[in-house]
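In what follows, a single structure is set out as structure tokens and then discussed.
The values are calculated or read from the model by the stated rules, or taken from the named source; none is laboratory data. No experiment lies behind these values; they were computed from the predicted model shown. With ideal geometry, Cβ positions are generated from the backbone for all residues, glycine too; neighbour counts draw on all protein chains shown.
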Amino acid sequence: MREVDFLVIGSGIAGLTYALKTANRFPDRKVIVMTKATADETNTKYAQGGIAVVNDLENDSYEKHIEDTLIAGDGLCNTRVVEIVVKEGPERVNEIIEWGAQFDKEDDGDYKRGKEGGHSESRILHHKDVTGREMERALLDAVAAQKNIEFINHCFVIDIITQHHLGYLISKATPDVECYGVYVLNLETNRIEKILSKVTVLATGGNGQIYRTTTNPSIATGDGVAMTYRAKGRIENMEFIQFHPTALYEAGAKGQAFLITEAVRGDGGILRNKNGEAFMEKYDPRKDLAPRDIVARAIDSEMKKAGVEHVWLDCRHFPLEEFTEHFPNIYEKCLSIGIDITKHMIPVAPAAHYSCGGIKTDEWGRSSIRNLYACGECASTGLHGANRLASNSLLEAMVFSHRCYLDSAEKIGQLKSAPEIPDWNARGTSEPKEMILITQSLKELQQVMSDYVGIVRNDIRLQRAMRRLDLLWEETEQLYESSTVSPQLLELRNMITVGYLVVKGAGFRKESRGLHYNTDYPGYSDLVQNIVL
Ligand code: FAD
Ligand code: SIN
């Protein structure tokens, strides 16, 4: 058992930013950062295009960035939150630059600013096509210099501890549910431990792994959302899953798909269908740089019409030097599989990429559970509405981790230690006889989500998905009740919960808006609302 003032779950941009600021402000208090893998295995590390920020007020304005975010969000953004993120963003970006992150510059020393879908101006700061890697590096270096931050890697957080674990009956209607810390599976000792904390911050990232094809790494299993839901916290807008239009298509490849950043289209890459036709002009006047929901649906439609598994991204017209200067990683990756971008088009297809919904928070990153904060991709702050504007998530993570820090720093002096919490109860469980059952259920879940809850949905598909998820849920709960826990089983359980929340949200939304497109309700409903579960 450990007791700590500040417990941060997750070591991506959100968790590390929070930890750094808090540790700096309270040198005599300990901050624990806990991760289920290595410290740098995060969605953050894979971010390519960059961070959207207004830092050239001569050619850009807050109003334009706000407007672009609201348009992409399709009527569901919280305008106040959009203003907060856009206006506080530049200061947060300056901080990470001070901590050592390098963004590409022109010869005159000004920043290079890229363009991506839905942006009316070029405002994406980037580090070639590996921006996330650079930001994660800078953050980890800064954190390493902070003596009062302790990293505990390879520890899988299972559940948030609340009054439920003291024997009280907790429901969604219970006021003042409180977080006392977490139960974790230490993957090195295989023991379940208690970590008690005054403040707990969930920065657990996305959930792309619930789909068969995703740009997300294997850690992205929606654990934070699932555990908050189990603890009776509020979850919002889960139906808005963003599919990135251009993941590299590799026949037969499994797991994480390599991303071809939208910045390639920002620099002039053209999408072409099976017949070589530049098809985006049929769908939107902004063509290849329309917001992501529109481009992903257009590609889906072209693929379905032609009965093929990908379209093409044409970069053959780029001067080689220009391409390799901005996109060295993509160039190398393509070359490694026999695609010379100067001669061949790149096969691309949409892949699950980002969860716009998540743990519902207020303007200070507070969840509906007391002393539990959420920031980064696992949170639903109100910024993205029905569709996230490209490169807004790194910015949101920095702005909201800062706000979580401010709020929790103000409160920490008044927070009491947790009451006595019982140890994890593993009575009646034994080693599962067949781990393969877990793997098979995971495959089924990913199949169901991809086939029935993808880019284009309808009621019959959603009903089918729910029936299949119900069965998977029942079988997995039986396994959970009788087996000693493993990370595979815990992730499966979390992913089924997240899948359920996506389908439930999608079922409630009787309209098509942003990323949620249901052919049974092709227009907007009169009721503009967030769906809170
Ligand atoms: P993450 O960086 O995903 O970190 C999650 C952390 O939580 C990890 O440390 C993990 O170990 C930990 N964790 C999760 N569950 C548990 C558990 N049960 N127990 C213990 N630890 C746990 N956004 C942009 O703005 N611009 C871009 O250019 C961009 N490009 C992208 C490219 C790709 C390929 C991908 C996948 C995403 C991209 N995004 C981009 C989105 C952006 O990278 C993510 O939304 C953001 O990095 C999420 O950061 P985070 O801190 O919330 O979570
Ligand atoms: C990309 O580089 O295309 C991804 C940007 C994002 O997800 O915001």
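In the range 363-380, is there at least one residue being within 13 Å of ligand 1 (Cβ to nearest atom), part of a loop (DSSP other than H, G, I, E, B) and either modelled with pLDDT of 95 or more or not aromatic (Phe, Trp, Tyr) (or both)? Yes - at least one qualifying residue is present in the range 363-380.
Residue-level analysis places residue 341 among those that are over 16 Å from residue 200 (Cα atoms) and among the β-branched types (Val, Ile, Thr). Taken together, the criteria place residue 413 among residues that are out of contact with any Pro (no Cβ under 6 Å at 6 or more places or on another chain) and part of a helix (DSSP H, G or I). If the condition is being surrounded by fewer than 16 Cβ atoms within 10 Å (Cβ to Cβ) and within 26 Å of residue 335 (Cβ to Cβ), then the range 276-295 contributes 276, 278. Has the range 418-431 got any residue that is among the aromatic types (Phe, Trp, Tyr), in contact (Cβ under 8 Å) with a residue 12 or more places away in the chain, assigned to a loop (DSSP other than H, G, I, E, B) and away from ligand 1 (no atom under 16 Å from the Cβ)? No, because not a single residue in the range 418-431 is among the aromatic types (Phe, Trp, Tyr), in contact (Cβ under 8 Å) with a residue 12 or more places away in the chain, assigned to a loop (DSSP other than H, G, I, E, B) and away from ligand 1 (no atom under 16 Å from the Cβ). Each residue in the range 169-187 was checked for being at pLDDT 95 or above, in a loop (DSSP other than H, G, I, E, B) and farther than 21 Å from residue 222 by Cβ, and 1 of them qualify.
Going through the range 345-362 one residue at a time, which ones are within 15 Å of ligand 1 (Cβ to nearest atom), at negative phi and touching a residue at least 60 places away in the same chain (Cβ under 8 Å)? If you could, list the steps in order and put the result at the bottom.
Here is the first cut: in the range 345-362, the ones within 15 Å of ligand 1 (Cβ to nearest atom) are 348-359, 361.
Applying the additional criterion that residues be at negative phi yields 348-357, 359, 361.
Listed by number, the residues that qualify are 348, 349, 350, 351, 352, 353, 354, 355, 356, 357, 359.
Scanning the range 45-88 for residues that are more than 16 Å from ligand 1 (Cβ to nearest atom), polar (S, T, N, Q) and out of contact with any Asp or Glu (no Cβ under 7 Å at 6 or more places or on another chain) gives 61, 78, 79. Quick one: residue 440 ticks every box in (1) touching a residue at least 40 places away in the same chain (Cβ under 8 Å); (2) out of contact with any Pro (no Cβ under 8 Å at 6 or more places or on another chain) bar one, so which box is it? Single failed check for residue 440: (1). Selection of the range 251-273 for residues being within 15 Å of ligand 1 (Cβ to nearest atom) and not small (Gly, Ala, Ser) yields 256, 258, 259, 260, 261, 262, 264, 265, 267. Among the residues of the range 145-167, those that are within 10 Å of ligand 1 (Cβ to nearest atom) and touching a helix residue (DSSP H, G or I) at 6+ places or on another chain (Cβ under 7 Å) comprise 156, 157, 158, 159.
Given the residues 330, 421, 359, 346, which is the only one that is more than 16 Å from ligand 2 (Cβ to nearest atom), more than 22 Å from residue 241 (Cα to Cα) and among the β-branched types (Val, Ile, Thr)? Talk me through it step by step, then tell me what you get.
Details: 330 fails: more than 16 Å from ligand 2 (Cβ to nearest atom); 359 fails: more than 22 Å from residue 241 (Cα to Cα); 346 fails: more than 16 Å from ligand 2 (Cβ to nearest atom).
Every option except 421 fails the conditions.
The rows are residues; the columns are (1) under 23 Å from the mean Cα position of the chain (by Cα); (2) over 30 Å from residue 533 (Cα atoms); (3) acidic (Asp, Glu).
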residue	(1), (2), (3)
246	yes, yes, no
275	no, yes, no
290	yes, yes, no
293	yes, no, yes
